[in-house]
Every structure is written in structure tokens, then in C-alpha cells.
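Here is the structure we will look at.
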Amino acid sequence: MKIVDIIKFLETSEDVNGQIEAFSALNASATEQDLPALLAGLKSDMSNFAVRELLAEPIINLAGVKALPALMAALRKNFEQGHDNDTFQALLADLAESDPEGVRVELVKLARHSNKEELEDINWLLEFTSVRLRIE
């Protein structure tokens, strides 16, 4: 099954088990060539919060910090629709901790054209780019 077909299935199916299987197939087989389709799915009006959250993982794995503008926009959309974004935020935090300088640079660029809510999201993610001291 092609990535675009899997994304369409994720967007339209109400079969949770089927969606989990489809996501597993997508996540295992997606390549950099699939990034345009994954990003289109992330931005699609057909995608709900769950689909955006699912697509975030392969996008981060394939594009890393280059996808931060699209990922932060999807995160904001989920918040605006009343979702907590626990998994989405965990994925972003992992990205920030694995590439703190790259994430910091991209977030500073995003901040230049962001509204108040977007700046709050940016500041939240920036917290994961700092060196933290362990106190024991």
C-alpha cells in the first residue's frame, strides 16, 4: 500500500485497530521520498488530531528539525481543537533533546513571525534545548 493510501485510510477510517496497523506499516516503510505526502497529510483539513499526531513520528524521523515549522503548526492546531498533545509533545521534546542546537535555531526563526500562542509553544519546546543539571 502506498503512503498516500495509508494516510487517506488514517484520515477516513474509524477502525482503531486498522489505523494502528496502518500507522505501523507507514512508520516502518516511509522514506525521505514520502516526506511531501506525510507533510501534506499533516496539513490536510481531512486529518484530525490523532492523524497529525501519528504522522509526526515518521516526519521527525525522516526530516528532523527541517520539519519544525509544519510540526509546530500542527501542534498549535491540535491545541486549538482542544487536544492535549501528550504524544506529540513527547516526540517534539525527544527531537529537541537529540538536536538541541538545530531545534533552537529553527525555533528562533519561527519566533520572528509568531503570534502569542505560537510563542508559548516555541518557549515550551525551547526548554528542552537547554542543558539541565541533575540534582541528587
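The values are calculated or read from the model by the stated rules, or taken from the named source; none is laboratory data. Just so we're clear, the structure is a prediction, and the values are computed from it rather than from any experiment. Backbone-built Cβ (ideal geometry, glycine too); neighbour counts: all protein chains shown. The accessibility values were calculated without ligands, DNA or RNA, using every heavy atom of the protein model including side chains. Shrake-Rupley method; radii C 1.70, N 1.55, O 1.52, S 1.80 Å.
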(request) Label segment 8-51 by shape, choosing from rounded, prolate and oblate, from the square roots a ≥ b ≥ c of the eigenvalues of the Cα gyration tensor; if a/c is under 1.5 it is rounded, and otherwise prolate applies when a/b is larger than b/c, oblate when it is not. (result) oblate
(message) Per-residue counts of other Cβ atoms within 10 Å, averaged by peptide: what ranking do you get for 53-59, 68-74, highest first?
(response) 53-59, 68-74
(request) Using only the alpha carbon atoms of the chain, find the Kirkwood hydrodynamic radius as the inverse mean reciprocal pair distance, in angstroms to one decimal. (result) 15.4
(request) Please report, in debye to the nearest 20, how large the charge dipole of the chain is about its Cα centre when each Lys and Arg carries +1 at its beta carbon and each Asp and Glu carries -1 there. (result) 480
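Which whole-number value in Å² is the accessible area per residue of segment 6-125, probe 1.4 Å?
Working: 6320 Å² over 120 residues.
Heavy-atom SASA per residue in segment 6-125 reads 53 Å².
Rounded to the nearest whole Å³, what is the per residue volume of the convex hull around the Cα atoms of segment 18-93? Could the numbers behind the result be given before it?
Numbers: hull volume 6.5 nm³, N = 76.
Taking only Cα atoms, segment 18-93 has a hull volume of 85 Å³ per residue.
Heavy atoms only, 1.4 Å probe, whole protein assembly: order THR129, THR12 by accessible area, highest first.
Numbers: THR129 10, THR12 95 Å².
Listed by decreasing accessible area, they come as THR12, THR129.
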(request) Using just the helices of the chain, give the 222 nm mean residue ellipticity in deg cm²/dmol: DSSP H runs with n ≥ 4 each add -39,500 (n - 2.57), and the total is spread over all residues, rounded to 500. (result) -22000 deg cm²/dmol
(request) State the percentage of accessible surface on the chain attributable to carbon and sulfur atoms; use a 1.4 Å probe and exclude ligands, DNA and RNA. (result) 53
(request) Mind pulling the angle between the C-alpha long axis of helix 3-12 and the longest principal axis of the chain? Nearest 10 degrees, somewhere in 0 to 90. (result) 90
(request) Give me the Debye-computed log₁₀ of I(q)/I(0) at q = 0.25, 0.27, 0.29 Å⁻¹ for segment 80-122, equal point scatterers on Cα only, no solvent, two decimals. (result) -0.98, -1.04, -1.06
(request) Convert each backbone phi in segment 118-124 into a coupling constant with the Karplus relation 6.51 cos²θ - 1.76 cosθ + 1.60 (shift: θ = phi - 60°), then list the ³J(HN,Hα) values in order as whole Hz, x for Gly and Pro. (result) 5, 5, 4, 5, 4, 4, 4
(request) Would you check the accessible area of VAL65, probe 1.4 Å, heavy atoms only, in square angstrom rounded to 10? (result) 30
(request) Just add up the charged neighbours of PHE9: K/R +1, D/E -1, any other residue whose Cβ is under 12 Å from the Cβ of PHE9. (result) -3
